[in-house]
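Participant: Submitted below is the structure of interest, expressed as structure tokens.
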Amino acid sequence: MASSPADFPVRHFRSEDGLDLVYRELGQGRPLILIHGLFSNSWVNWIRYGHAQLLAERGFRVIMPDLRGHGESAAPHDAASYPPDILAQDGLALVRHLGLTDYDLGGYSLGGRTTLRMLVDGAAPRRAILAGMGLAGILDVHQRRGFFRHVLEDLGNHKRGSGAWLAEGFLRTTGGDAKAMLPLLDSFVDTSEQEIAAITMPVLVLAGVDDHDNGSAADLAAILPEGRLAHIPGNHMTSVLRPELGQEIADFLLDQ
């Protein structure tokens, strides 16, 4: 495991609306953009548990942005800074900033949904990875958005051991800014089955065997014309800690 975020200094780029956003890199080779989940950041999701190192060792230049409102990227508190689909637009801005034309793209949980939205909005990677995401979390963002709104609006009052209590604990661990994440929730948009079915590149749908937070990964893979389904041990919170996450991503991307 990596020792400290300080060992992986951030690099900067500008969003289309002028915000200062950051990303980290590890490795040399084929570009692979990986997007973290809600309440997380690039260090926690991809570097801390060794996924980025494994992928770098297998020949990838791993590019890991901090989403707006997260990590070391700008985290404004005003609703105007979080228009619909803004995370996908930020992702496309990063692709343009780096001048990428031949690359791979993926994400975990919110990062998986953001990856899908980037595909709908015009991103054209060779292959894509949707991890920690199921069909319900793509078709209807309302249910999970409501859960996270409850988490953020009632901090300090959640029943010990509850899902909300665990989510708040994770937010505190990552140093997340609740005042930025509340308006961010309203930027999430639904994606239709027709839009999903129009995605033609190979897509890995990867989920913990006990992860049901965002609906069925199998159902999501079935709609994608080139969808491939894989499971790893764990639930939504624990599968991201498992080395199998990085291994499955590498195996998929290197499969000829």
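Participant: Name the residue that is farthest from the chain's Cα centre (by Cα), counting only residues in the stretch 109-128 that are farther than 17 Å from Gly215 by Cβ and hydrophobic (A, V, I, L, M, F, W, C). Don't jump to the end; show me each part of the working.
Facilitator: Start the filter on the stretch 109-128 by keeping residues that are farther than 17 Å from Gly215 by Cβ, which leaves 118-128.
Subset that is hydrophobic (A, V, I, L, M, F, W, C): 118-120, 123-124, 128.
Numbers: Met118: 11, Leu119: 13, Val120: 15, Ala123: 15, Ala124: 17, Ala128: 12 Å.
Filtering the stretch 109-128 for residues that are farther than 17 Å from Gly215 by Cβ and hydrophobic (A, V, I, L, M, F, W, C), the one farthest from the chain's Cα centre (by Cα) comes out as Ala124.
Participant: For the stretch 120-150, give me each residue that is surrounded by fewer than 23 Cβ atoms within 10 Å (Cβ to Cβ), among the aliphatic types (A, V, I, L, M) and not in a loop (DSSP other than H, G, I, E, B).
Facilitator: Val120, Leu135, Ala136, Leu139
Participant: Sort out for me the strands (runs of 3 or more DSSP E) sitting completely within the stretch 1-111 that have 2 or more residues that are surrounded by 20 or more Cβ atoms within 10 Å (Cβ to Cβ).
Facilitator: Ranges flagged: 20-26, 30-35, 60-66, 104-108.
Participant: Quick check on the stretch 176-197: of everything there that is of a type in the set (Gly, Ala, Ser) and free of Cβ contacts under 8 Å to residues at least 60 places away in the same chain, which residue is nearest to Pro225 (Cα to Cα)? It would help to see each step written out before you state the result.
Facilitator: Residues of the stretch 176-197 that are of a type in the set (Gly, Ala, Ser), as a first pass: 176, 178, 180, 187, 192, 197.
Then keep just the ones that are free of Cβ contacts under 8 Å to residues at least 60 places away in the same chain; that gives 178, 192, 197.
Details: Ala178: 37, Ser192: 14, Ala197: 6 Å.
Result: Ala197.
Participant: Related question: Exactly one of these conditions fails for Thr115: (1) assigned to a helix (DSSP H, G or I); (2) of a type in the set (Ser, Thr, Tyr); (3) over 23 Å from Glu244 (Cβ atoms). Give me its number.
Facilitator: Unmet for Thr115, out of (1) assigned to a helix (DSSP H, G or I); (2) of a type in the set (Ser, Thr, Tyr); (3) over 23 Å from Glu244 (Cβ atoms): (3).
Participant: Can we say Leu139 is in contact with a Lys or Arg (Cβ under 6 Å, 6 or more places away or on another chain), under 19 Å from Gly107 (Cβ atoms) and of a type in the set (A, V, I, L, M)?
Facilitator: No: the conditions fail for Leu139.
Participant: Is it the case, given these coordinates, that Thr114 is surrounded by 24 or more Cβ atoms within 10 Å (Cβ to Cβ) and either farther than 21 Å from Pro9 by Cβ or not charged (D, E, K, R) (or both)?
Facilitator: Spelling it out, Thr114 is indeed surrounded by 24 or more Cβ atoms within 10 Å (Cβ to Cβ) and either farther than 21 Å from Pro9 by Cβ or not charged (D, E, K, R) (or both).
Each reported figure results from applying straightforward, stated rules to the coordinates on display, with no laboratory input. Just so it is clear, the structure is predicted and the values come from calculations on it, not from any experiment. In this analysis, Cβ positions are derived from the backbone assuming ideal geometry, glycine residues included, and neighbour counts consider all displayed protein chains.
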